[in-house]
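Asks: Got a structure for you, written out below as structure tokens; questions coming shortly.
Every number in this text was worked out from the coordinates using simple rules, so none of it is lab data. If you're wondering where the values come from, they're calculated on a predicted model, not measured in any experiment. Cβ atoms come from the backbone with ideal geometry, glycine included; neighbour counts cover every protein chain shown.
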Amino acid sequence: MAAEEFYGTGHRKTSCARVWISRGPGDMSVNGQSLAEYLGRKALEGTVLQPFAATERVDQYDVVAKTKGGGIAAQAGALRHGIARALAVAEPDLRTVLRRGGLLTRDPRAKERKKAGRHRARRAKQFSKR
């Protein structure tokens, strides 16, 4: 019988991560590559593994994820959010620990749109008295 899988969707800026976790030795696959190979930075790996560290479940779940949109850092944040949500489904008693760590809350920050008559979102044209 196949291991039971739990699903979670994570978002950050314009990135979206679809995450499936199942009991296992801790193998992680993102878009068909290992986590270290895909992200390429230790700091981002630490970000992704935060839900497991907070709940003391390191190397207890296998992760398979598909990410799209945004950049690598935003995708790492989306992965973290998706893993936390999947963990909350797998073990509902961990929900309070994840919530206290701020791991279940979607980060609402995103790039502000450019407005008409301005150079960027807030940068106005240079003022000249004459």
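Asks: Compute the length gained on full extension between ARG123 and LYS66: take 0.36 nm times their separation in residues and subtract their Cα-Cα distance, giving the result in nm to one decimal. List each step's numbers first, then the result.
Replies: On the way: separation 57, 0.36 × 57 = 20.52 nm, distance 3.61 nm.
Fully extending the segment from ARG123 to LYS66 adds 16.9 nm.
Asks: For the chain, restrict the atom set to alpha-carbon positions and state the Rg and Dmax in Å.
Replies: Rg and Dmax of the chain, Cα atoms, are 18.3, 79 Å.
Asks: Just going by the charge dipole of the chain, with Lys and Arg at +1 and Asp and Glu at -1 on Cβ, which of GLY32, ALA110, TYR61 is farthest out on the positive end?
Replies: ALA110
Asks: While we're on this one: Which parts of segment 42-57 would a label at GLU91 reach, counting a residue when its backbone N lies under 19 Å from a point 7 Å out along Cα-to-Cβ?
Replies: 47-57
Asks: Still on this structure, I have one more. Please compute, over every Cα-Cα pair in segment 85-130, the percentage with a separation greater than 13 angstrom. Please report the intermediate quantities before stating the final value.
Replies: On the way: 711 of 1035 pairs.
Roughly 69 percent, rounded to a whole number.
Asks: Now, a different point. Can you tell me the 0 to 90 degree angle between the C-alpha axis of helix 42-54 and the longest principal axis of the chain, rounded to 10?
Replies: The angle comes out at about 50 degrees.
Asks: Another question, if that's okay. Counting only pairs 8 or more residues apart or on different chains, how many lysine pairs in the chain have their Cα atoms under 18 Å apart? Please report the intermediate quantities before stating the final value.
Replies: Values: LYS13/LYS66; LYS13/LYS68; LYS13/LYS111; LYS13/LYS114; LYS68/LYS111; LYS114/LYS125; LYS115/LYS125.
Lysine pairs, 8 or more places apart or on different chains, close enough: 7.
Asks: By how many nm would the segment from SER22 to VAL58 lengthen if fully extended, with 0.36 nm per residue of separation less the alpha-carbon distance?
Replies: Numbers: separation 36, 0.36 × 36 = 12.96 nm, distance 1.27 nm.
The SER22-VAL58 span can extend by a further 11.7 nm.
Asks: Going through segment 1-57, which GluC sites (Glu not before Pro) have at most 10 other Cβ atoms within 10 Å and a DSSP loop state? Walk me through the intermediate numbers first.
Replies: Working: sites: GLU4, GLU5, GLU37, GLU45, GLU56; in loops: GLU4, GLU56.
Of the GluC sites (Glu not before Pro), the ones in loops of segment 1-57 whose Cβ has at most 10 other Cβ atoms within 10 Å are GLU4, GLU56.
Asks: So if we plug the beta-carbon distance of GLN33 and ALA73 into 1/(1 + (r/R0)^6) with R0 = 25 Å, what FRET efficiency do we get, rounded to 0.05?
Replies: Working: r = 17 Å, r/R0 = 0.67.
With a Förster radius of 25 Å, E is 0.90.
Asks: Going by average Cβ neighbours within 10 Å, how do the peptides 19-27, 109-117 rank, with the highest at the top?
Replies: Numbers: 19-27: 16.2, 109-117: 9.0.
Result, highest mean Cβ count within 10 Å first: 19-27, 109-117.
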